[in-house]
Amino acid sequence: MSFPEIALSKIVWKLKFRQVGKNSTVLILGSRAGSFFRNQRFFETFCEFGDPSFGSLTRIEQFGKIYQILNQGIFTANDIDALLHEFAGEFNQADLYLAELVRLGVFQTILSTNVDNAFERALERVAGPPGWSFDVYNCTRIEDIEHIRPERPDYCRVIKVFGRLESHGYTVARTAYMQRHQKLAPFLEQLLSSNVLAIGLDPVWDAELCRIIPASDNEFWFVNHQEPEGYMLPEHIQLGYRVECFTKDGLGYYDSFVALLHEQIISNRRSDPQIYPPLASGESAFAPLFAPSKEQAVTVTSTIHTTPILSGKQDRSRAPLDTLVVYATKDTRMFKNLKEHIAILAFKKIVTLREINELQAGQHTPQRITGHMGYADIILLLFSASFLETYYFDLLELQNSIDQLPTKSIKVIPIILRPADWRTAPFGDLTPLPTDGKPILEWSSHDKAFVNVVEGLRATIDDLH
């Protein structure tokens, strides 16, 4: 059955006026919106466990096969737990975009079929208005289901349908899951009888949730890379008029759709402050996607954490510093060496690493670096002749963006990989690493050079804390 396509402008318009009328839209984040689906190493690891045709399958087909492999008895429960912890990725830019929409009150109830905590980490990174908070509920625990709080304007509830990896209370074997948790199905059916926006549902991983979607006169927006397969939605939903899809031109993927939705809603907020008022005293009508000032007294609380998140009075030493590494693809080997040396900082939760090169950013995409800044605390620029050739004009744009921040809250550190005329380039006046800007390639021991870089990075982190 074919479903009608819905325009993004219609979604934005309806979300806006539902918010005004306090008629909320339930957001479903399916398994294709989680960090496992976007982790290439996760797929590569399971190649050897699949049949010989695994490598020729599409990513969507491989994802379904991985679910089957995990439930074939090949792995013990401890093996599965170790694998999932290994490949549960950090939040990405789309998670941050969505988190900002949540703090604006666009969504107050989120049903997530993902057991990772990438989106919840993004919520922690985005400051909300005074008094705003969110709770995360683990649906594998009866006590969590019984104590889910009702919706309210200054609050978001994230309901983890299949549990949470970090609490070790989760399930991968989801067949008959709703039968095993009899109190859960009626609660979810009641929520799903509202207007629903579903992003990234997977017919294999999320089949149990799809099965209990009730009949309703409200709208169900299905956002994905393709229309829902016949077995994804119950027959009474397929035959109803409430399903509309946003699937065309590859824009139905989680990252693409959320970026578009964020852009449209933020644009509306600029032009209509009555609908989207300023979030905090003294804040402009548009909050840029950068970390809030450390002096800004904004508190976000959640049941996961006992300390305020992104509060002006918060001890930042408790939170890993978001570190973006920018490098040229010709320097990939040296970047990997650097990453090995910085790994200990990541293991100790001192930093979280993100990386970008010109192939990931796009050869001719505007804002190749600034578009990935997100809430970066530190940006490492890996200088070489190749880097300058690739990014010179991007560095000018980055410098301009940082200069416009209300506080210089982002620390940029040049790391000199190979000899180049970096001192005349943007950020060439900053103190580089290694010491005195001696290129790593010219050190008698590259390992000693990288250790020098890590020591300098530690000193910077101490200053930021």
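The values are calculated or read from the model by the stated rules, or taken from the named source; none is laboratory data. These figures come from a predicted structure and were not determined experimentally. Quick reminder, even Gly has a Cβ in these numbers, built from the backbone with ideal geometry, and neighbours come from all protein chains shown.
Observations on the structure shown:
- Here the condition is being in contact (Cβ under 8 Å) with a residue 12 or more places away in the chain, in contact with a Ser or Thr (Cβ under 6 Å, 6 or more places away or on another chain) and of a type outside the set (S, T, Y); of L29, L104, it holds for L29 alone.
- Each residue in segment 376-418 was checked for being of a type in the set (S, T, Y), modelled with pLDDT under 85 and in a helix (DSSP H, G or I), and 1 of them qualify.
- In segment 219-234, the residues that are among the hydrophobic types (A, V, I, L, M, F, W, C) and either out of contact with any strand residue (DSSP E or B) (no Cβ under 6 Å at 6 or more places or on another chain) or at pLDDT below 70 (or both): M232, L233
- Residue count for segment 440-451 under the criterion of being within 18 Å of V325 (Cα to Cα) and surrounded by fewer than 19 Cβ atoms within 10 Å (Cβ to Cβ): the result is 1.
- Screening C245 with (1) in contact with a helix residue (DSSP H, G or I) (Cβ under 6 Å, 6 or more places away or on another chain); (2) of a type outside the set (S, T, N, Q); (3) at pLDDT 85 or above gives one miss only, at (1).
- Selection within segment 11-30: residues that are of a type outside the set (K, R) and in a loop (DSSP other than H, G, I, E, B). The member of this set that is nearest to I213 (Cα to Cα) is G30.
- For segment 152-170, filtered to residues that are farther than 18 Å from E100 by Cα and modelled with pLDDT under 80, the residue that is surrounded by the most Cβ atoms within 10 Å (Cβ to Cβ) is S167.
- Single condition D135 does not satisfy, out of (1) surrounded by 20 or more Cβ atoms within 10 Å (Cβ to Cβ); (2) in contact with a strand residue (DSSP E or B) (Cβ under 8 Å, 6 or more places away or on another chain): (1)
- Long-range neighbours under 7 Å by Cβ, at least six apart or interchain, first residue closer than 15 Å to A198 by Cβ within segment 2-14, second assigned to a loop (DSSP other than H, G, I, E, B) and among the charged types (D, E, K, R): F3/E227
- Segment 86-126: number of residues that are outside any loop (DSSP other than H, G, I, E, B) and under 21 Å from T323 (Cβ atoms): 17
Residues are listed down the side, and each one gets a yes or a no for (1) outside the structural domain of E227 (by TED's automatic domain parsing); (2) modelled with pLDDT of 90 or more; (3) of a type outside the set (D, E); (4) under 21 Å from the mean Cα position of the chain (by Cα):
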{"site": "F17", "(1), (2), (3), (4)": "no, no, yes, no"}
{"site": "T25", "(1), (2), (3), (4)": "no, yes, yes, yes"}
{"site": "T45", "(1), (2), (3), (4)": "yes, no, yes, no"}
{"site": "D51", "(1), (2), (3), (4)": "yes, no, no, no"}
